[in-house]
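K.L.:
Handing you this structure, nothing more for now.
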Amino acid sequence: MVKEPIQLIYFQLIIICFLIYPSLGYGQLLDLDYAKQKREESSFKAYFIRSGIISVSSLKHIDVTAELSKLKYITKSGINLDLTIYGTETIWKGNRSDQLNTFDFLMNPIGGVLNGSFFCNYPIKNSEFFNTKLSIGFGKKWIQGPDLPNFKSSFFDNYVRLGFIYQKNLIEDPLTNSSVYFWTFPSLIGHQLNQENRIQFFNNQLNPFSYGYSLELGLEYNTQLKITLIGQRLLNTDPNGEFGLLVARLIIAYRF
């Protein structure tokens, strides 16, 4: 009888922490920049409940995600800074392994009960048909794992991503107000967990800092519909374990 109120209070405290300290988080879909020329001034925008997202992974998960809030600042030189908060709910788990199910949450870039994000894109080349950027992000997500005997079923994941973005304009017709953009984002990724969480949730098969690579491909139609395919793999896991596999994920997002 006491357990549910305690969990509710804990959940509320976590939400407050994420809202007050959004720069602690990272983990988002790319937000494309459509400008073809240098800006005359910097811009700042705030969004709330902007996107609905569904994703399907090779680990047999179907997730629904809401982009709860985003703060977006673009400088005159084209540097893009984003602070974003996501909330994700898994509606189907087709995998019978608790460890692999939890690993799916870890490898979902927008996964977690709450997922904050800080993301920075630095422009390298900006032309009429394509843009290239250096991108870095870091952050924290709150993951709800399986119920354990000691009643601890959640933990935090800190992670980082560093890569190179290539964005190309495939179709742009002002007369019909239609556009199609393509991007690719190869990157290096890293995850940090403490020893207790590595033992409890992953049978000590992950290193304190697990690193690997990611390749993201995507299409965006009319700045509203976004389709993303991501493949990720950790390289320094236990060679006899089950977490060194390539995890593929299809993400479909619609901007309201």
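K.L.:
I'd like to compare 42-52, 210-220: which one has the highest average count of other Cβ atoms within 10 Å, and what's the full order after that?
P.N.:
Working: 42-52: 12.6, 210-220: 18.3.
Listed from highest to lowest mean packing, they are 210-220, 42-52.
K.L.:
Roughly what angle does helix 3-20 make with the longest principal axis of the chain, taking Cα atoms, 0 to 90 degrees, to the nearest 10?
P.N.:
30 degrees
K.L.:
Then there is this: Over every pair of different alpha-carbon atoms in the chain, take the mean of 1/r and invert it; report that Kirkwood radius in Å.
P.N.:
On the way: mean 1/r = 0.0524 Å⁻¹.
Its Kirkwood hydrodynamic radius stands at 19.1 Å.
K.L.:
Can you tell me how segment 107-226 classifies by the Cα gyration tensor, rounded, prolate or oblate, using a/c under 1.5 as the rounded cut?
P.N.:
Details: a/c = 3.60, a/b = 2.25, b/c = 1.60.
Taking the square roots of the gyration eigenvalues as a ≥ b ≥ c, segment 107-226 is prolate.
K.L.:
For every other residue with a beta carbon closer than 14 angstrom to the beta carbon of residue 97, add +1 if it is Lys or Arg and -1 if Asp or Glu, then tell me the sum. Provide the component values of the computation, followed by the final result.
P.N.:
Numbers: positive: 60, 93, 96; negative: 98, 104, 242.
It works out to a net charge of 0.
K.L.:
What does the helix-only formula give at 222 nm for the chain: each DSSP H stretch with n ≥ 4 adding -39500 (n - 2.57), the total divided by the residues, and the result rounded to the nearest 500 deg cm²/dmol?
P.N.:
-4500 deg cm²/dmol
K.L.:
Also, I was wondering about something else. Can you give the angle from 0 to 90° between the axis of helix 98-107 and the longest principal axis of the chain, with both taken from C-alpha atoms, to the nearest 10?
P.N.:
30 degrees
K.L.:
Where the only charges are on Cβ atoms (+1 Lys, Arg; -1 Asp, Glu), what is the dipole of segment 3-255 about its Cα centre, to the nearest 20 debye? Numbers along the way, then the final one.
P.N.:
On the way: 24 positive and 21 negative charges, 66 e Å.
My answer is approximately 320 debye.
K.L.:
Among rounded, prolate and oblate, which fits segment 30-153 when a ≥ b ≥ c are the square roots of the eigenvalues of its C-alpha gyration tensor, a/c under 1.5 means rounded, and a/b larger than b/c means prolate?
P.N.:
Details: a/c = 2.78, a/b = 2.35, b/c = 1.19.
Because a/c hits 1.5 or more and a/b exceeds b/c, segment 30-153 counts as prolate.
Rule-based calculations on the coordinates, nothing more; no lab input. Because the structure is a prediction, the values reported are computed rather than measured. Here Cβ is always computed from backbone atoms with ideal geometry, including for glycine, and neighbour counts include all displayed protein chains.
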